[in-house]
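The structure appears right after this line, and notes come after that.
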Amino acid sequence: MEPDAAIIALSALAQPTRLEAFRLLVRNMPQGLPAGDIAQALGAPANTMSAHLAVLARAGLVSAERRSRSIIYRVELGQIQALTLFLLKDCCQGRAEVCGPLVSELATC
């Protein structure tokens, strides 16, 4: 991942409603959720949620699929993996024992 793409992704997540929408979508992987369900779960107006989801989609963090009258949003796990690797790539300066607790925490997922 290029630094500019990482900045765009992190900027998209740096807003409370977008962060909560993203986390809700993570919890609902792999099926995703309709935009209306996301708005309802977060108590946000549909048009506002649509704008937030568009920001996340432009950042490549979520994808949208039209299904009949609904738009289903899903987390783009490949993009999240790329962002995480970008952030942690030089972690620990090659000393695995330093990153061990982080890896162990993720392994329980």
- Selected residue [modelled with pLDDT of 95 or more and either within 17 Å of the chain's Cα centre (by Cα) or over 18 Å from Pro16 (Cβ atoms) (or both)] from Leu56, Leu77, Leu87: Leu56
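Yes/no per residue for (1) assigned to a helix (DSSP H, G or I); (2) surrounded by 14 or more Cβ atoms within 10 Å (Cβ to Cβ):
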{"position": "Glu20", "(1), (2)": "yes, yes"}
{"position": "Gly36", "(1), (2)": "yes, yes"}
{"position": "Ala39", "(1), (2)": "yes, yes"}
{"position": "Ala44", "(1), (2)": "no, yes"}
{"position": "Asn47", "(1), (2)": "yes, no"}
{"position": "Leu56", "(1), (2)": "yes, yes"}
- Message: Please go through the stretch 71-109 and give me each residue that is surrounded by 12 or more Cβ atoms within 10 Å (Cβ to Cβ) and among the hydroxyl-bearing types (Ser, Thr, Tyr), ordered by number.
- Response: Tyr73, Thr84
- Query: Of the residues Ala41, Ala12, Ala6, Ala82, which is without any contact (Cβ under 8 Å) to a residue 40 or more places away in the chain and at negative phi?
  - Reply: Ala41
- Item | Tally, over the stretch 58-70, of residues that are surrounded by fewer than 13 Cβ atoms within 10 Å (Cβ to Cβ) and under 18 Å from Ala12 (Cβ atoms) | 1
- Does any residue in the stretch 61-79 that is over 16 Å from Ala39 (Cβ atoms) come within less than 7 Å, Cβ to Cβ, of a residue that is among the acidic types (Asp, Glu) and not in a helix (DSSP H, G or I) six or more places away or on a different chain, and which pairs are these? Leu61/Glu76; Ser63/Glu76
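The values are calculated or read from the model by the stated rules, or taken from the named source; none is laboratory data. Note that the coordinates shown come from a computational prediction; the quantities given were computed from them, not determined experimentally. Using ideal geometry, Cβ is built from the backbone for each residue, glycine included, and neighbour counts are taken over all protein chains shown.
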